[in-house]
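> Quick one: structure below, then a few questions.
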Amino acid sequence: MRLRSALAAATGAALLLITAPGSASAADGQFRYTYRTSDGYEAVGFLNNPESGTCINLQGPGSEPGSAAYAPKNRTNATAVVFLEADCSGDAFYSLRPGGGASDRLLVRSVVFS
């Protein structure tokens, strides 16, 4: 009788583990950046709860020279790696820890969270 109860309990626990949803693969919080619009106005872009492990091209900055975003602020709970070029290519700046930010001199076009 004890063997059947133990087997039933183990089977039930295994089923719960299989059917329970996995943890979300997203950074909690907001990533902010500043950029200039095509009319020359300063604007703020942001990503809410961005997906982790996926390269994200920032909306707003165009592809023409000098149109990159700047002054990123990482208000998420994950480390943000920002890149000068789109598609997470080119030089990377690795020190945007959770809660950190960078100056207006750091230009960015894409970011990935880990």
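> Within the range 92-105, how many residues are assigned to a loop (DSSP other than H, G, I, E, B) and crowded, with 18+ Cβ neighbours inside 10 Å? Outline the logic, then answer.
Let us first name the residues in the range 92-105 that are assigned to a loop (DSSP other than H, G, I, E, B), namely 97-100, 102-105.
Add one more test, that the residue is crowded, with 18+ Cβ neighbours inside 10 Å, and what stays is 102.
Within the range 92-105, residues that are assigned to a loop (DSSP other than H, G, I, E, B) and crowded, with 18+ Cβ neighbours inside 10 Å number 1.
> When you scan the range 55-65, do you find a residue that is open to solvent by less than 30 Å² (accessible area, probe 1.4 Å) and at pLDDT 80 or above, even just one?
Applying the first criterion (open to solvent by less than 30 Å² (accessible area, probe 1.4 Å)) to the range 55-65 yields 58, 61-62.
If we keep only those that are at pLDDT 80 or above too, we end up with 58.
Yes, the range 55-65 contains a residue that is open to solvent by less than 30 Å² (accessible area, probe 1.4 Å) and at pLDDT 80 or above.
The values are calculated or read from the model by the stated rules, or taken from the named source; none is laboratory data. Treat the numbers as computed from the prediction; the structure is a model and nothing was measured. FYI the Cβ positions are ideal-geometry reconstructions off the backbone, even for glycines, and counts take in every protein chain you see. The area values use the complete protein model at the heavy-atom level, side chains included, leaving out ligands, DNA and RNA. Shrake-Rupley method; radii C 1.70, N 1.55, O 1.52, S 1.80 Å.
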